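First the structure, then my questions, so here it is.
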Amino acid sequence: MGPRRTNLALLIVLMVALATGGLAFAAGTGWGRPVVVAHGLAGLAVLVLAPWKSVVVRRGLARRSGAGRWASVAFGVLVLVAVAAGVAHATGALAGLGPVSAMQVHVGAALVALPLLAWHAAARGGARARRADLSRRALLRAGVVAGGAGLLLLAVEGATRLAGLPGARRRFTGSLPVTGTDPRRIPVTQWLDDRVQVIDPSAWRLRVTAADATREWTYAELEGFGDRVEAVLDCTGGWFARAAWEGVRLDRLLPPGAGGSVVVVSATGYRRRLPAGDAGSLLLATRLAGRPLSAGHGFPARLVAPGRRGFWWVKWVVSVELDPAPWWRQPPFPLT
Ligand code: HEM
Ligand SMILES: Nc1nc2c(c(=O)[nH]1)N[C@H]1C(S)=C(S)[C@@H](COP(=O)(O)O)O[C@H]1N2
Ligand SMILES: [Mo]
């Protein structure tokens, strides 16, 4: 493959990796499986293209210098770090280094690489597509790259199983199981910058607003409900845990047949908007495995959203508001 085609192929593969990576983070139910497999293929295709790219890189470094060169080198290093951290997480060979998880390094490197990719591609401009790129030969080449990535994925997966690495037990989202079934082992995690809230249950109220009516619930009242659901908490940080949660189903707090969305708001201001039609399967939990929630897990009450990734499971809930706007009227991921 010549330099132009190599660069173009890499550009496409990186765009696909970024798009499917973002989608993998949104995936909570079955449709996520093919997305995550596609992500692994796109990510590993970077390694398949690496021998061709290394020729391009060596020529480029011999020819040029200056700031653009350092941006290019930094970009290349970040992509390799992202790939290495992705494989480290997927295999479970290295789940993290000290306080940072492999998944954090993975996504961090990819996100920092993104603006550098734009700069690098604009400065070098060596990836322009041509009509002939849609020829039969080009398709054949694409097939060879995809096949190579497929073989690599099988090899990584096979090695993970043979070596009995933790990655063999990961979920279709790529998340690894929290060891054991003790609910105290479930990590306490925040999406970005929230702090664990310590809330006095006697002063706490849950405000439920529907149409023009607002009703306040006390902790003692909510504690009286015994709705139970066993659900998987699957954090985008790369772990999951199945546990039994108890509390009150949201549809019991809302008028029947409500349309639109429900906005679930935390004492910290953190919030998610969910389809009102899902209220029957959403739980406002006050207990985890038969015990009141700990502060870290969201005491006095936290949302349990089966089939949704952890960032939907709002902790320290103070209000639930019915709203006519559709659930997708919000950023795809929380911004704080
Ligand atoms: C430069 C962009 C990226 C590249 C090259 C890349 C590459 C990879 C690779 C090679 C793997 C290991 C696949 C395997 O061995 O099964 C992986 C896994 C993963 N990546 Fe990425 N990735 C990128 C961006 C992202 C982003 C932006 C996200 C999320 C926002 C993400 C989320 C994940 C997840 C969840 C896994 C685990 C999947 C599994 O265990 O099968 N990636 N990535
Ligand atoms: N208020 C609030 N709720 C939150 C978060 C947060 O940052 N703030 N993080 C979410 C994320 S990303 C996850 S994975 C789960 C983690 O729940 P846990 O700490 O009980 O394991 O809480 C969710 N609820
Ligand atoms: Mo999370």
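Please verify whether the stretch 63-77 includes one or more residues that are among the polar types (S, T, N, Q) and at pLDDT 90 or above.
Within the stretch 63-77 (the criterion being among the polar types (S, T, N, Q) and at pLDDT 90 or above), the answer is no, since none of the residues qualifies.
For the stretch 33-88, enumerate the residues that are of a type in the set (S, T, N, Q) and either exposed (fewer than 15 other Cβ atoms within 10 Å of the Cβ) or not assigned by TED's automatic domain parsing to the domain that holds residue 149 (or both). It would help to see each step written out before you state the result.
Taking the stretch 33-88 as the starting set, the residues that turn out to be of a type in the set (S, T, N, Q) are 54, 65, 72.
Within the stretch 33-88, 54, 65 meet the criteria.
Would you mind telling me which numbered condition in (1) surrounded by fewer than 20 Cβ atoms within 10 Å (Cβ to Cβ); (2) without any contact (Cβ under 8 Å) to a residue 40 or more places away in the chain; (3) within 16 Å of ligand 2 (Cβ to nearest atom) residue 232 fails?
Condition (2) is where residue 232 drops out.
While we're looking at this one, here's another question. How many residues does the stretch 279-317 hold that are of a type in the set (Val, Ile, Thr) and touching a Pro at 6+ places or on another chain (Cβ under 9 Å)?
Let us first name the residues in the stretch 279-317 that are of a type in the set (Val, Ile, Thr), namely 286, 304, 314, 317.
Then drop every residue that is not touching a Pro at 6+ places or on another chain (Cβ under 9 Å), which leaves 286, 317.
Within the stretch 279-317, residues that are of a type in the set (Val, Ile, Thr) and touching a Pro at 6+ places or on another chain (Cβ under 9 Å) number 2.
How many residues does the stretch 171-188 contain that are closer than 23 Å to residue 36 by Cα and either within 11 Å of ligand 2 (Cβ to nearest atom) or of a type in the set (Asp, Glu) (or both)?
Going through the stretch 171-188 one residue at a time, the tally reaches 2.
Among what's in the stretch 40-73 and is free of Cβ contacts under 8 Å to residues at least 40 places away in the same chain and within 30 Å of residue 170 (Cβ to Cβ), pick the residue that is nearest to ligand 2 (Cβ to nearest atom).
46
Cβ contacts < 7 Å: first residue of a type in the set (A, V, I, L, M), restricted to the stretch 21-39; second residue surrounded by fewer than 16 Cβ atoms within 10 Å (Cβ to Cβ), any location; separation 6+ or different chain. Result?
Every condition considered, the pairs that remain are 26/332.
Of all residues in the stretch 102-118, how many are in contact (Cβ under 8 Å) with a residue 12 or more places away in the chain and either out of contact with any Ser or Thr (no Cβ under 9 Å at 6 or more places or on another chain) or basic (Lys, Arg) (or both)? Write out each step before concluding.
The initial filter retains those residues of the stretch 102-118 that are in contact (Cβ under 8 Å) with a residue 12 or more places away in the chain, namely 102-107, 109-110, 112-114, 116-117.
Then drop every residue that is not either out of contact with any Ser or Thr (no Cβ under 9 Å at 6 or more places or on another chain) or basic (Lys, Arg) (or both), which leaves 102, 104-106, 109-110, 112-114, 117.
Residues that pass the stated criteria total 10.
Separate question: Please verify whether residue 233 is touching a Gly at 6+ places or on another chain (Cβ under 9 Å), within 16 Å of ligand 1 (Cβ to nearest atom) and modelled with pLDDT of 95 or more, treating the condition exactly as stated.
Spelling it out, residue 233 is indeed touching a Gly at 6+ places or on another chain (Cβ under 9 Å), within 16 Å of ligand 1 (Cβ to nearest atom) and modelled with pLDDT of 95 or more.
Which fully enclosed strands (runs of 3 or more DSSP E) of the stretch 237-297 have 2 or more residues being in the same structural domain as residue 213 (by TED's automatic domain parsing) and of a type in the set (Val, Ile, Thr)?
Once the strands (runs of 3 or more DSSP E) in the stretch 237-297 are filtered for at least 2 residues that are in the same structural domain as residue 213 (by TED's automatic domain parsing) and of a type in the set (Val, Ile, Thr), what remains is 261-266.
A follow-up question, please. So which residues in the stretch 174-215 are over 22 Å from residue 283 (Cα atoms) and touching a Gly at 6+ places or on another chain (Cβ under 6 Å), if there are any at all?
Listed by number, the residues that qualify are 175, 176.
From the list 200, 227, 194, pick out the single residue that is surrounded by fewer than 12 Cβ atoms within 10 Å (Cβ to Cβ) and either at pLDDT 95 or above or more than 16 Å from ligand 2 (Cβ to nearest atom) (or both).
None of the others qualify; the one that does is 200.
Pick from the stretch 166-209 the residues that are within 30 Å of residue 253 (Cβ to Cβ) and assigned to a strand (DSSP E or B): which of them is farthest from ligand 1 (Cβ to nearest atom)?
By that ranking, first place goes to 205.
Which residue is surrounded by the most Cβ atoms within 10 Å (Cβ to Cβ), if the candidates are limited to the stretch 147-165 and must be within 24 Å of the chain's Cα centre (by Cα) and either assigned to a loop (DSSP other than H, G, I, E, B) or of a type in the set (Gly, Ala, Ser) (or both)?
Checking each candidate, the answer is 149.
Among 259, 307, 296, which is the only one that is under 20 Å from the mean Cα position of the chain (by Cα) and either more than 16 Å from ligand 1 (Cβ to nearest atom) or over 24 Å from residue 213 (Cβ atoms) (or both)?
Answer to the check: 307.
The values are calculated or read from the model by the stated rules, or taken from the named source; none is laboratory data. Quick caveat: nothing in here was measured; it's all calculated off a predicted structure. Note: ideal-geometry Cβ built from the backbone for every residue, glycine included; neighbour counts use all protein chains shown.
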